[in-house]
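Student: Sharing a structure below in structure tokens format, with a few things to ask.
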Amino acid sequence: MDSVVKKIVIVGGGTAGWMTAACFAKALGTHFYDITLVESEEIGTVGVGEATIPAIIEFNNFLGIDENEFVRETNGTFKLGIEFVDWRQKGVTYFHPFGLYGFDIAGFTFPHYYFRHYIQRGGGPVDIGKYNAETEAASQGRFGRVKPEVGKPTVNYAYQFDASLYARFLRRYAETRGVVRQEGKIVQVHQNPETGYVTSVQLTDGRHVEGDIFIDCSGFRGLLIEETLKTGYIDWSRWLPMNRAAAVPCERVDVLTPFTRCTAREAGWQWRIPLQHRTGNGYVFCSDFISEDEAAATVLTRLDGKALADPKILRFVTGRRKKAWNKNVVALGLASGFLEPLESTSIHLVQSGAFKFLALFPRHGINPHIVDEYNRQVELDYENIKDFIIAHYKVTERDDTPFWRHVQQMSIPDSLQARFDVFRATSQTLAREPELFREVSWVAILTGQGMIPEDYHPAADALDDDDLRLQLGRWRSAVLERVKPLPLHEDYIRRNCASEALKMLYAG
Ligand code: FAD
């Protein structure tokens, strides 16, 4: 058994580093544990990452953060899902919401009833979003958090925010709770010659920061996990060929939409994320099909406000580390791998990795079984998200550019092919614990992209035609009832959590 773990060193002060510092400080405290974070202003952070998924609410609740304060401090807005434009075909839009479609009947989920109705009516556009409150609220630009009488969220949501401000917010949180920040560039990493464990990191001025365990949040380079331990990287470019992004903020538009928009482009796609004071944009592309200059020029022509900076090119390789935990180094954030931001999963993977690590915390030393279990869980997370993202490209009718022909024709993982086969034949998505994306998400994406099931669960036939019509009518009315009292998103923010920047916009 190794010595007891007491000194925790977090390398990197981007979103991943400060999220880790904050939740470790909360979960472990700093009386018994020394938590030190090393970051270098000279190197800086990746500086993008604005959209999230609902699980982040759990993270903030765990920290005990006041939601209004957090939204205000990060120029945040609320997100009900993602609008996908031109993905199936040019001119076709669909919505991936953060909530359920309809209600279950006797344990069978709504999509089966919907697909019976759809098949009976002879096809046409898929309008399952009519039975989802988040889709309806997004289309009306409405948002509200809690129904006071029930204390439950009226709609399911996540946030869009400035990730650098979030990191700053969490830094204050962590430092107040005893996390020690060391400013400086790490120039050398020292290892135990026998075990290969990292013993300390050395800064430019000669300072050594020693630790029992090191959390590598150093970004794409993976200073400890890769540059030091040579853990290896699994490259998924053959399925997810995107390898660049041209990111540029622009002036915000009049209406603050409560959703992220992802628009398919000639050689990739473009995000649009509305914040209180500006709109984030970026063209995620594959450099085999468009040059960096062309992508940067293209994104500038497709902004809905004046650009506030030159486009910043970011380069990446989609994939994951062979092991997220190797010896006494645990990689979180970009150091552990990267899946393009199409479904806003990176910040989530930081949170989920940090919680998994805390659950398995090696109080009595690093045990290989614990390390294996952690790596197994993280691998599963990445693999499931990977398949879900590939589905957006593979299931498309677009063949108007070399890029779209390429992704439409590429081979896909067997696990995903199996899911497609079953969904087409039966409406079953095979989504199950502990997958992040469940039935609603798969149904939204697959049908939105044009994959329509040919059959449904036989239980849906237990309703006669009149009953089914009646149920559908009730489900639709319930959605409209839920959305009707919600204020406009912008009004909601203005009343509850307007940032200083938004107030200045109104004043000016
Ligand atoms: P970084 O921000 O790169 O931080 C690395 C840290 O390590 C810095 O503090 C740096 O100073 C420090 N460091 C590195 N080397 C040294 C050294 N030698 N000495 C000292 N310090 C060092 N995620 C989402 O969830 N939603 C999104 O919408 C989203 N959009 C994205 C769009 C793009 C184009 C990209 C590339 C990523 C996006 N992400 C998104 C991912 C998100 O940006 C990251 O997951 C998140 O910012 C965490 O980054 P990080 O902290 O791991 O790395």
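Student: In percent, how large is the relative contact order of segment 1-131, given Cα pairs closer than 8 Å and 6 or more residues apart?
Tutor: Once normalised by length, the contact order is 15 percent.
Student: Mind grabbing the accessible area of K484 for me, 1.4 Å probe, Å², rounded to tens?
Tutor: Estimated to the nearest 10 Å², K484 gives 150 Å².
Student: Per-residue accessible area for L472 at 1.4 Å probe radius, Å² rounded to 10?
Tutor: Accessible area, nearest 10 Å²: 10 Å².
Student: Only Cα pairs under 8 Å and at least 6 apart count here; give the relative contact order of the chain as a rounded whole percent.
Tutor: Normalised by residue count, the contact order of the chain is 23 percent.
Student: Which of the three applies to segment 108-189, rounded, prolate or oblate, going by the alpha-carbon gyration tensor with a ≥ b ≥ c and a/c under 1.5 meaning rounded?
Tutor: It is prolate, given that a/c is not under 1.5 and a/b is the larger ratio.
Student: Return the lysines within reach of K327: Cα separation strictly under 20 angstrom, same-chain partners fewer than 8 residues apart disregarded; answer none if there are no such residues.
Tutor: Once the sequence-local lysines are set aside, what remains near K327 is K6, K7, K230, K356.
Student: Same structure, new question: In square angstrom, what is the accessible area per residue of the chain with a 1.4 angstrom probe?
Tutor: 42
Student: Distance between the C-alpha centers of segment 161-221 and segment 7-67? Whole Å please.
Tutor: Result: 11 Å between the Cα centres.
Student: How much of the accessible area of segment 1-42, in percent, comes from carbon and sulfur atoms when a 1.4 Å probe is used?
Tutor: 46
Student: Using θ = phi - 60° and the Karplus form 6.51 cos²θ - 1.76 cosθ + 1.60, what ³J(HN,Hα) does each residue of segment 96-112 get, whole Hz, x for Gly and Pro?
Tutor: These are the phi-based 3J(HN,Hα) values: 9, x, 9, x, 7, 8, x, 10, 6, 10, 6, x, 9, 7, 3, x, 5 Hz.
Student: Grab the DSSP H runs of the chain that are 4 residues or longer, score each as -39,500 (n - 2.57), total them, divide by all residues and round the 222 nm result to the nearest 500 deg cm²/dmol.
Tutor: -11000 deg cm²/dmol
Student: Provide the FRET efficiency to the nearest 0.05 for the L314-L480 pair, computing r from the beta carbons and using R0 = 51 Å.
Tutor: According to the calculation, E is roughly 0.75.
Student: Among the aspartates and glutamates, select those whose C-alpha is under 16 Å from the C-alpha of K26, and discard any that sit fewer than 8 residues away in the same chain.
Tutor: Hits, sequence-local ones excluded: D34, E58, D66, E175.
Student: OK, next. Using 7 Å Cα-to-Cβ label points, what is the E210/H364 separation (nm, one decimal)?
Tutor: About 2.5 nm separates the two model spin labels.
Student: Roughly what angle does helix 163-176 make with the longest principal axis of the chain, taking Cα atoms, 0 to 90 degrees, to the nearest 10?
Tutor: 50
Student: Cut-off under 17 Å on the C-alpha distance; same-chain residues fewer than 8 positions from K306 excluded. Which aspartates and glutamates are left, in chain and number order?
Tutor: Filter leaves E251, D254.
Student: Rounded to a whole number, what is D in µm²/s for the chain from Stokes-Einstein with the Kirkwood radius over alpha-carbon pairs (37 °C, 0.692 mPa s)?
Tutor: For the chosen part, D equals 137 µm²/s.
Student: Using only Cα atoms, find the angle between the long axis of helix 292-301 and the longest principal axis of the chain, and express it within 0 to 90 degrees, rounded to the nearest 10.
Tutor: Between helix and principal axis, roughly 50 degrees.
Student: If you stretched the chain out fully between E41 and D421, how much longer would it get, using 0.36 nm times the residue separation minus the C-alpha to C-alpha distance?
Tutor: 131.8 nm
The values are calculated or read from the model by the stated rules, or taken from the named source; none is laboratory data. Keep in mind that what you see is a predicted model, and the values were worked out from it rather than measured. Don't worry about glycine lacking a Cβ; one is built from the backbone with ideal geometry, like all the others, and counts go over all protein chains shown. The area values use the complete protein model at the heavy-atom level, side chains included, leaving out ligands, DNA and RNA. Shrake-Rupley method; radii C 1.70, N 1.55, O 1.52, S 1.80 Å.
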